[in-house]
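Below is one structure; the comments refer to it alone.
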């Protein structure tokens, strides 16, 4: 709390200065209309122009008309704006006379540039400054993942429990499917022989298949690190590009993009959820939809096809992030539609074409996901809404945070989806109040409010105590598909919206600044005053983001892989059947995944595992892990009690039946001090083992025959 108060004070001061700066009247102006009312052009908004500059504005309008005539004649033009942005030229883009002047808006709500759809988005030219921004994003991603540098195969992200190993397994399974030309939507390398429906799991096949050569040439450990690294940096860079496409300047886009790429939710999911880290396609998809709404129809087919391909790819990377993005777009779209800033009729043909193409491409995979082998209907989750205090709290992996306070208001370390901090809320609030008449600001504010409310679950909790206030989620938690989403994740929709508000606020202050001394003299202002205002707002944004600046993710050593698997000894014991790792693989112990990856990338299957599959009941509900057989449950109990438990004759008969069902070749127990009880208990079932290097092995092929 002390951190929040200390950082909030300068933010409040600068935010108030920003409100004055953006709402001030030019020197010498009366600010009053002839009828005695206040001049609407000089309220708290970036709109309008002084009466003395009417001639200049008319020249700009004439230039825009000439540009439109040039477009109609087929000659390319560089003037552009966007319904979600301000002018096409940013004040912190220090250009010379060659820059095309932006057109002042006659609409007192639109902003300083045309805000209606129908004008193409700004073209982004990448220069060394843009590359420097991307390099800064890459540096931040390296900082977050620094614990894995040079240790991808010997360390893991421990606060994600076994999720790190699970996604490495998915990358390994995809690579094996590519190498063996197997069904890319299924794998029998765990839960043998039933297998795993990869489409019904967050298998990230959209990245695992393209990166299969990297996995086969190096390891799934390296692929996981590359996906996380480029996922974090690439998502930030994609949102930077998107904000620049909206006509905002580099400084605004750099801050907004950094926040979206490294918000607490992104860093939290980086503990083991690359499907929620590699979100670089989302801003590209949003941009394509806006492009269809803005375009003149000449490239409708091409843009529709591109949109369909992008959505298809995102489905194979992560369906849930795509669903969340669609909900956010719907909320923002309704606000823009109410202001007549979104031409749905113009976008509909291209969006429809893209949807048809996407449906044609994913029809079979979606059928496989919901009706194919090892599919399930839905999966039950315990109430998983955000605590209200989490919205302004501090995440575990942020500078100066109290991890115990964070844990008290979150589900776990991979689901700290809010935690924006008090300073960021204050600054965002001032930006909204200052620029509230902009439709884009209203749209983004609506996204933040609605998604945050949705994330609170069925009833609002404050520090774990019910408040009696109903949550918005109660209206939607029974809807198909949406019911499978954890409510806490809806607040992730607010992350790019908050980043957009920061960018708009910074850019607004920058635009209010004259570009040179001559402009300052014309407005009778000191040359330093307007420019200082823009950088003060930027400084306020940086201070507001300090409470969410990430620390490196926690990394712990992996359990060592037995030399039995790192060498070739395992080949003498694997004959097309499964290997039963003791204790059996599950959600809390996935070390056998590392054994598979070390042994020629999934060369042998294992019994049970960590995945989502059917629960074995008629309702085909989902559950984490396999439907456990008696032998597996007995081994679990022995391991938990760490005491020798002799098997009865009835149990031995049942366990032999289980080994036949699993088609097991060998039972493997690593030699560790804590496995003595497991070894002695297994002797009462399978007899004496064979010691091979650093494991005990039982050949059980005769028992299952």
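Kindly establish whether residue 562 is under 30 Å from residue 484 (Cβ atoms), in contact with a strand residue (DSSP E or B) (Cβ under 9 Å, 6 or more places away or on another chain) and either modelled with pLDDT of 95 or more or buried (at least 17 other Cβ atoms within 10 Å of the Cβ) (or both). Full working, then the answer.
Working: under 30 Å from residue 484 (Cβ atoms): no; in contact with a strand residue (DSSP E or B) (Cβ under 9 Å, 6 or more places away or on another chain): yes; either modelled with pLDDT of 95 or more or buried (at least 17 other Cβ atoms within 10 Å of the Cβ) (or both): yes.
Answer is no for this residue.
From the list 279, 309, exactly one residue is assigned to a helix (DSSP H, G or I) and either at pLDDT 95 or above or surrounded by fewer than 22 Cβ atoms within 10 Å (Cβ to Cβ) (or both). Which is it?
Working: 279 fails: assigned to a helix (DSSP H, G or I).
Checking each option against the conditions leaves just 309.
Scan (1) at pLDDT 95 or above; (2) surrounded by 17 or more Cβ atoms within 10 Å (Cβ to Cβ); (3) farther than 30 Å from residue 502 by Cα for the single condition residue 602 breaks and write down its number.
All conditions are met except number (1).
Only one of these is within 29 Å of residue 236 (Cα to Cα), assigned to a helix (DSSP H, G or I), free of Cβ contacts under 8 Å to residues at least 60 places away in the same chain and in contact with a helix residue (DSSP H, G or I) (Cβ under 8 Å, 6 or more places away or on another chain): 441, 448. Name it.
Working: 441 fails: free of Cβ contacts under 8 Å to residues at least 60 places away in the same chain.
After ruling out the rest, the residue left standing is 448.
So which of 594, 589 is surrounded by fewer than 21 Cβ atoms within 10 Å (Cβ to Cβ), within 24 Å of residue 570 (Cα to Cα) and touching a residue at least 60 places away in the same chain (Cβ under 8 Å)?
Details: 594 fails: surrounded by fewer than 21 Cβ atoms within 10 Å (Cβ to Cβ).
Criteria check complete, one pass: 589.
Working carefully through the options 546, 529, 536, 501, find the one that is modelled with pLDDT of 95 or more and in a helix (DSSP H, G or I).
Every option except 501 fails the conditions.
Among (1) in a loop (DSSP other than H, G, I, E, B); (2) at pLDDT 95 or above, where does residue 296 come up short?
(2) is the only condition that residue 296 fails.
Please determine whether any residue of the range 180-191 is under 25 Å from residue 217 (Cα atoms), surrounded by fewer than 18 Cβ atoms within 10 Å (Cβ to Cβ), in contact (Cβ under 8 Å) with a residue 12 or more places away in the chain and more than 22 Å from the chain's Cα centre (by Cα). Please lay out each step first, then the result.
Step one: list which residues in the range 180-191 are under 25 Å from residue 217 (Cα atoms), which gives 180-190.
Of the ones still in play, those that are also surrounded by fewer than 18 Cβ atoms within 10 Å (Cβ to Cβ) are 180-183.
From what is left, the residues that are in contact (Cβ under 8 Å) with a residue 12 or more places away in the chain are none.
No, the range 180-191 contains no residue that is under 25 Å from residue 217 (Cα atoms), surrounded by fewer than 18 Cβ atoms within 10 Å (Cβ to Cβ), in contact (Cβ under 8 Å) with a residue 12 or more places away in the chain and more than 22 Å from the chain's Cα centre (by Cα).
Quick check, is residue 248 more than 18 Å from residue 329 (Cβ to Cβ) and touching a helix residue (DSSP H, G or I) at 6+ places or on another chain (Cβ under 6 Å)? Give the steps one after another, and end with the answer.
Values: more than 18 Å from residue 329 (Cβ to Cβ): yes; touching a helix residue (DSSP H, G or I) at 6+ places or on another chain (Cβ under 6 Å): yes.
Yes, satisfied.
Looking at residue 688 and the list (1) farther than 26 Å from residue 201 by Cβ; (2) in contact with a strand residue (DSSP E or B) (Cβ under 7 Å, 6 or more places away or on another chain); (3) in a loop (DSSP other than H, G, I, E, B), which single condition is not satisfied?
Single failed check for residue 688: (2).
Take residue 325 and tell me if it is surrounded by fewer than 17 Cβ atoms within 10 Å (Cβ to Cβ), at negative phi and in a helix (DSSP H, G or I).
On the way: surrounded by fewer than 17 Cβ atoms within 10 Å (Cβ to Cβ): no; at negative phi: yes; in a helix (DSSP H, G or I): yes.
So residue 325 fails the test.
Looking only at the range 363-386, decide whether some residue is touching a strand residue (DSSP E or B) at 6+ places or on another chain (Cβ under 6 Å), closer than 23 Å to residue 485 by Cα and not in a loop (DSSP other than H, G, I, E, B).
For the range 363-386, residues touching a strand residue (DSSP E or B) at 6+ places or on another chain (Cβ under 6 Å), closer than 23 Å to residue 485 by Cα and not in a loop (DSSP other than H, G, I, E, B): present.
Give 353, 366, 361, 382 a once-over and let me know the one that is free of Cβ contacts under 8 Å to residues at least 24 places away in the same chain and surrounded by fewer than 20 Cβ atoms within 10 Å (Cβ to Cβ). Write out each step before concluding.
On the way: 353 fails: free of Cβ contacts under 8 Å to residues at least 24 places away in the same chain; 366 fails: free of Cβ contacts under 8 Å to residues at least 24 places away in the same chain; 361 fails: free of Cβ contacts under 8 Å to residues at least 24 places away in the same chain.
Only one candidate passes the filter, namely 382.
Give me the residue from the range 583-597 that is farther than 13 Å from residue 558 by Cα and assigned to a helix (DSSP H, G or I) and, out of that set, nearest to the chain's Cα centre (by Cα). It would help to see each step written out before you state the result.
Let us first name the residues in the range 583-597 that are farther than 13 Å from residue 558 by Cα, namely 583-588, 596-597.
Now restrict to residues that are assigned to a helix (DSSP H, G or I): 596-597.
On the way: 596: 29, 597: 27 Å.
Across the range 583-597, the extreme among qualifying residues is 597.
Considering every residue within the range 630-648, establish whether at least one is assigned to a loop (DSSP other than H, G, I, E, B) and within 25 Å of residue 570 (Cα to Cα). Before the answer, list the steps.
Within the range 630-648, the subset assigned to a loop (DSSP other than H, G, I, E, B) is 642-648.
Keeping just the survivors that are within 25 Å of residue 570 (Cα to Cα) gives none.
Looking for residues that are assigned to a loop (DSSP other than H, G, I, E, B) and within 25 Å of residue 570 (Cα to Cα), one finds none in the range 630-648, hence no.
For residue 655, state whether it is in a helix (DSSP H, G or I) and either at pLDDT 95 or above or touching a helix residue (DSSP H, G or I) at 6+ places or on another chain (Cβ under 7 Å) (or both).
Numbers: in a helix (DSSP H, G or I): yes; either at pLDDT 95 or above or touching a helix residue (DSSP H, G or I) at 6+ places or on another chain (Cβ under 7 Å) (or both): yes.
Answer is yes for this residue.
Could you list all residues from the range 171-195 that are touching a helix residue (DSSP H, G or I) at 6+ places or on another chain (Cβ under 7 Å) and outside any loop (DSSP other than H, G, I, E, B)?
171, 172, 174, 175, 178, 179, 187 - these are the residues of the range 171-195 that are touching a helix residue (DSSP H, G or I) at 6+ places or on another chain (Cβ under 7 Å) and outside any loop (DSSP other than H, G, I, E, B).
Could you tell me whether residue 111 is within 27 Å of residue 509 (Cα to Cα), touching a helix residue (DSSP H, G or I) at 6+ places or on another chain (Cβ under 9 Å), surrounded by fewer than 20 Cβ atoms within 10 Å (Cβ to Cβ) and modelled with pLDDT under 95? Outline the logic, then answer.
On the way: within 27 Å of residue 509 (Cα to Cα): yes; touching a helix residue (DSSP H, G or I) at 6+ places or on another chain (Cβ under 9 Å): yes; surrounded by fewer than 20 Cβ atoms within 10 Å (Cβ to Cβ): no; modelled with pLDDT under 95: yes.
The answer is no for residue 111.
Inspect all residues belonging to the range 408-419 and state whether any of them is closer than 22 Å to residue 494 by Cα, in contact with a strand residue (DSSP E or B) (Cβ under 6 Å, 6 or more places away or on another chain), in contact (Cβ under 8 Å) with a residue 24 or more places away in the chain and surrounded by 15 or more Cβ atoms within 10 Å (Cβ to Cβ).
No, the range 408-419 has no match at all.
Scan the range 196-234 residue by residue and report those that are closer than 15 Å to residue 163 by Cβ, in contact (Cβ under 8 Å) with a residue 60 or more places away in the chain and assigned to a loop (DSSP other than H, G, I, E, B).
Selection gives 201, 202, 204.
Filter the range 122-134 for residues that are over 20 Å from the mean Cα position of the chain (by Cα) and part of a helix (DSSP H, G or I) and give the result. Please lay out each step first, then the result.
First, pick out the residues of the range 122-134 that are over 20 Å from the mean Cα position of the chain (by Cα): 122-132.
Of everything in the range 122-134, those that are over 20 Å from the mean Cα position of the chain (by Cα) and part of a helix (DSSP H, G or I) turn out to be 128, 129, 130, 131, 132.
Just checking, does the range 620-627 include any residue being more than 33 Å from the chain's Cα centre (by Cα) and in a loop (DSSP other than H, G, I, E, B)? So that I can check it myself, show each step before the final result.
Of all residues in the range 620-627, those more than 33 Å from the chain's Cα centre (by Cα) come to none.
Looking through the range 620-627, none of the residues is more than 33 Å from the chain's Cα centre (by Cα) and in a loop (DSSP other than H, G, I, E, B).
The values are calculated or read from the model by the stated rules, or taken from the named source; none is laboratory data. Being a predicted model, the structure only gives us computed values, none of them experimental. Here Cβ is always computed from backbone atoms with ideal geometry, including for glycine, and neighbour counts include all displayed protein chains.
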